[in-house]
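Data first, discussion second: the structure below is written as structure tokens.
The values are calculated or read from the model by the stated rules, or taken from the named source; none is laboratory data. None of the values given here were measured: they were computed from a predicted structure. Because the Cβ atoms are built from the backbone with ideal geometry, glycine has one as well, and the counts that use them run over all protein chains shown. Accessible surface is based on the protein model in full, side chains and every heavy atom, while ligands, DNA and RNA are left aside. Shrake-Rupley method; radii C 1.70, N 1.55, O 1.52, S 1.80 Å.
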There are 2 protein chains.
Amino acid sequence: VRTQDGIVAVAERGGSWNAIDDLFAEAPRETGARYQPEEVEFLAPVVPTVILGMAHNGSHADRAAPPQAFHKSARSLAGPGDAIPFDEGAGRTVVEAEVGIVIGRRARHLTKENALDAVLGYTVCNDVSAADQSPLDSFWTQTKNGKNYSPIGPWIVTDLDASSLPIELRVNGERIATASTADLARGIREVLVYLTRWLELGPGDIVMTGCPGTMASVVPGDRVEAEVGGIGVLANTIS
Amino acid sequence: VRTQDGIVAVAERGGSWNAIDDLFAEAPRETGARYQPEEVEFLAPVVPTVILGMAHNGSHADRAAPPQAFHKSARSLAGPGDAIPFDEGAGRTVVEAEVGIVIGRRARHLTKENALDAVLGYTVCNDVSAADQSPLDSFWTQTKNGKNYSPIGPWIVTDLDASSLPIELRVNGERIATASTADLARGIREVLVYLTRWLELGPGDIVMTGCPGTMASVVPGDRVEAEVGGIGVLANTIS
């Protein structure tokens, strides 16, 4: 969070937000400073080295295809409240409400048994896409990397069972779609086993788990709210 | 470079390697410490936020297709001398000698006229690939992100015209292929205009410009040397 003391890592304890020394420590130590939520600005809760998104993972039918993941540039990171510039020449801008896995430690070759040991917690993600570019670029580099195309937040919830969380997308206050992480083709463990077969993940990395239909085309001025039950609401506007 | 004083940014001046305060400053200041090359270990010369590779950019015939780029994970970064683990279950491991653009400042929407203003200099890259994975994963996430799959170095040469540099790949001392950056379908300016249309680049980012045939399949024990005339030799072993 941004405070009058600068940018500080905090942990919520009974309504108070207490400064901690190290978000990724086994047992973060409180440094003494305490904040009320209304006096701080919530930022992207981590600065990832790697942001990955799961493709075609939104419904059980997607199990027919092998798993696949795409990169989103770490420079496309955004936080709660950040405006997402509409890219005039790129065609449709699509927002997608998803659950994000926040990685807590270096991880390679995870197994189903130990996959959750690598997870610090979960946050809300909006996987913004220049959707009309996807058919033009098989790597989706043109699709996934625009300015502020990867909002995450407003915080990380640890000690959460993410296997069946409700997801809702709202645009300008109107409910567009609701779903559940139980709808995903591949759940958290399976996603992490797949990814860490092919690359290393580490502290602060984000995996957007896929969009179970919670998507919408948006235009400048739209206010987008992605809500995940048990985590919170991530709100951004299109500018 | 790694020195007895820790990791230090240095600039070469007449055979001496002089510590500097900020690699990305307009005019880096020397801090006073000086090193001889034999007393330091050359590391990857930058720690990129974003590593991109140009696909199908190795010959003029590739102009028939639109430009495309793929991400390589920043966690796949490696330096001179680092061993590249052979991935037993992944099929062929292929190395590719390429010129890497090192970005010096934040850049979006570059034009042909100002594109080179964003360039700090050039380094040698080895774009390592699990080549047999490419047909299995259209995003090339399985192909491009293995441990130490992105060696760069041994240094950055600034004030270089990179439009016609010789590139050579050697394996176990044997010359495998030679080519030139003049063979690339799209040169430095055109690549940067394309990329910054779709995403932001910034200090330390690396763009691997594409492989003009300077590639080889390798096996454990192979010693790979990628040489670019005017820059130097990047050597790594397969382990």
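Return yes or no: is A:Glu88 exposed (fewer than 14 other Cβ atoms within 10 Å of the Cβ) and more than 14 Å from chain B (Cβ to nearest Cβ)? Reasoning before the result, please.
Details: exposed (fewer than 14 other Cβ atoms within 10 Å of the Cβ): yes; more than 14 Å from chain B (Cβ to nearest Cβ): no.
Spelling it out, it is not the case that A:Glu88 is exposed (fewer than 14 other Cβ atoms within 10 Å of the Cβ) and more than 14 Å from chain B (Cβ to nearest Cβ).
Restricting attention to the range A:197-210 and to residues that are closer than 16 Å to B:Phe139 by Cβ and open to solvent by 10 Å² or more (accessible area, probe 1.4 Å), the residue that is farthest from the other protein chains (Cβ to nearest Cβ) turns out to be A:Arg197. Within the range B:205-239, the set of residues being among the hydrophobic types (A, V, I, L, M, F, W, C) and not in a strand (DSSP E or B) comprises B:Cys211, B:Val219, B:Ile231.
Any idea which of B:His71, B:His109 is surrounded by fewer than 18 Cβ atoms within 10 Å (Cβ to Cβ), touching a residue at least 24 places away in the same chain (Cβ under 8 Å), not in a helix (DSSP H, G or I) and not small (Gly, Ala, Ser)?
Working: B:His71 fails: surrounded by fewer than 18 Cβ atoms within 10 Å (Cβ to Cβ).
Going through B:His71, B:His109 in turn, just one is surrounded by fewer than 18 Cβ atoms within 10 Å (Cβ to Cβ), touching a residue at least 24 places away in the same chain (Cβ under 8 Å), not in a helix (DSSP H, G or I) and not small (Gly, Ala, Ser): B:His109.
Here A:Val228 meets the list (1) touching a Phe, Trp or Tyr at 6+ places or on another chain (Cβ under 8 Å); (2) within 14 Å of chain B (Cβ to nearest Cβ) almost entirely, failing just condition (2). Only residues that are away from chain B (no Cβ under 14 Å) and either of a type outside the set (S, T, N, Q) or buried (at least 22 other Cβ atoms within 10 Å of the Cβ) (or both) were counted across the range A:47-68, and they come to 6.
Within the span defined as the range A:23-45, every residue fails to be touching a residue at least 40 places away in the same chain (Cβ under 8 Å), within 13 Å of chain B (Cβ to nearest Cβ), in a loop (DSSP other than H, G, I, E, B) and crowded, with 18+ Cβ neighbours inside 10 Å.
Just a yes or no: is a residue in the range B:129-140 open to solvent by less than 50 Å² (accessible area, probe 1.4 Å) and either closer than 21 Å to B:Gly202 by Cβ or of a type in the set (Val, Ile, Thr) (or both)? Full working, then the answer.
Pass one, the range B:129-140, residues open to solvent by less than 50 Å² (accessible area, probe 1.4 Å): B:129-131, B:133-134, B:137, B:139.
Next cut, either closer than 21 Å to B:Gly202 by Cβ or of a type in the set (Val, Ile, Thr) (or both) only: none.
No: zero hits.
Got at least one residue in the range A:93-102 being open to solvent by 10 Å² or more (accessible area, probe 1.4 Å) and outside any strand (DSSP E or B)? No, the range A:93-102 contains no residue that is open to solvent by 10 Å² or more (accessible area, probe 1.4 Å) and outside any strand (DSSP E or B).
Return yes when B:Gly53 is in a strand (DSSP E or B) and farther than 30 Å from B:Glu200 by Cβ and no when it is not. Let's see the steps before the verdict.
Working: in a strand (DSSP E or B): yes; farther than 30 Å from B:Glu200 by Cβ: no.
Here the answer is no, as B:Gly53 does not meet what is asked.
Within the range A:112-128, being open to solvent by less than 20 Å² (accessible area, probe 1.4 Å) and without any contact (Cβ under 8 Å) to a residue 40 or more places away in the chain holds for one residue alone: A:Gly121.
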